[in-house]
Structure formats: structure tokens, C-alpha cells
Amino acid sequence: MSVLEPGKDRAALRGLLQRPDIDLVACFCAAWCDTCREYRPKLEQLAAQADTAVFVWIDIEDHPELLGEEEVENFPTLLVQRAGKTVFFGPMLPHIGHLERLIASLGPDSATLPTQLPDIRALLAE
């Protein structure tokens, strides 16, 4: 799979996110952020290898509704949802290996993290 974007890839997101076996990995970014621009190709490579997750690139200035009351102050900020629950939300060093290890470490018994995010999966699947 490739990294999808809200708006541009609405149909693909809708189809993939209706599958309960698909994890959601969302990268909150900004078009002006140099770190984000450098991180995206690495995220694209990781997404191309994944068959159990959908990777979404969310520009916070284009889609502020996807943050609700949450603030993003550091980039990249990642969200990982597995089995319908948020298991990671926070800034991450822009080294793709960190994300790879995080995803590999998460299991069905991973703790649910409370956030003030809206139901991103549902909003992306609309």
C-alpha cells in the first residue's frame, strides 16, 4: 500500500478502514515542515511493505477537524490504532526504524491510550 491522504484518497480510505483487521497509522504533519518532507519517503517505503495497516498522511492545516481538541507541537506526531483502540499517539523521532519497532511491539493486549482526538477512523472512512 501507499500512504494515503484525506480528501485525495477518500474512496480507498473508506474501503480499507471498514475492515476491522486493518490497523491505522496516521502521521500528523504540516506542508511547511522540512522534517515531515524528509520523513514522508521513508513512511512510503514502510507502507509499501505493510499489508495489515493503512498509512495516512494528515496535514494538520488542511484537516484540523481530525485533531479535535488535541494539539500537535512536534513533527512527526504519530497515531497508531489497532483493534479499534488507540495504542500510540505522540511525537516520534523522524527515524523510520522507531516506527517499525513500535508497530512490531504492539499486540492485541496493548493498553488503550486516552486522547482528545475525534474518531479519526470514522472520519476518514466517511
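So here's what we get for this one:
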{"quantity": "Heavy-atom surface of the chain, accessible at 1.4 Å and reported per residue (Å²)", "calculated": "52"}
{"quantity": "The stretch 9-111 - percent of accessible surface contributed by carbon and sulfur, probe 1.4 Å", "calculated": "51"}
{"quantity": "Additional length obtainable on full extension of the chain from ASP34 to ALA12, 0.36 nm per residue less Cα span", "calculated": "5.2 nm"}
{"quantity": "Label-reachable residues, the stretch 21-51, where backbone N falls under 18 Å from a point 7 Å from ALA83's Cα toward its Cβ", "calculated": "21-25"}
{"quantity": "Centroid-to-centroid separation of the stretch 1-25 and the stretch 50-81 [C-alpha atoms, Å]", "calculated": "13"}
{"quantity": "Per-q log10 I(q)/I(0), the chain, q = 0.12, 0.14 Å⁻¹ (Debye; single scatterer per alpha-carbon; no solvent)", "calculated": "-0.38, -0.54"}
{"quantity": "Inter-label distance, nm, simple model (7 Å from Cα along the C-beta direction), ASP62/LEU123", "calculated": "1.5"}
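The values are calculated or read from the model by the stated rules, or taken from the named source; none is laboratory data. Predicted model, so just to flag it, every value in this text is computed and none were measured. Because the Cβ atoms are built from the backbone with ideal geometry, glycine has one as well, and the counts that use them run over all protein chains shown. Quick note on the areas: whole protein, heavy atoms, side chains included, nothing else; ligands and nucleic acids left out. Shrake-Rupley method; radii C 1.70, N 1.55, O 1.52, S 1.80 Å.
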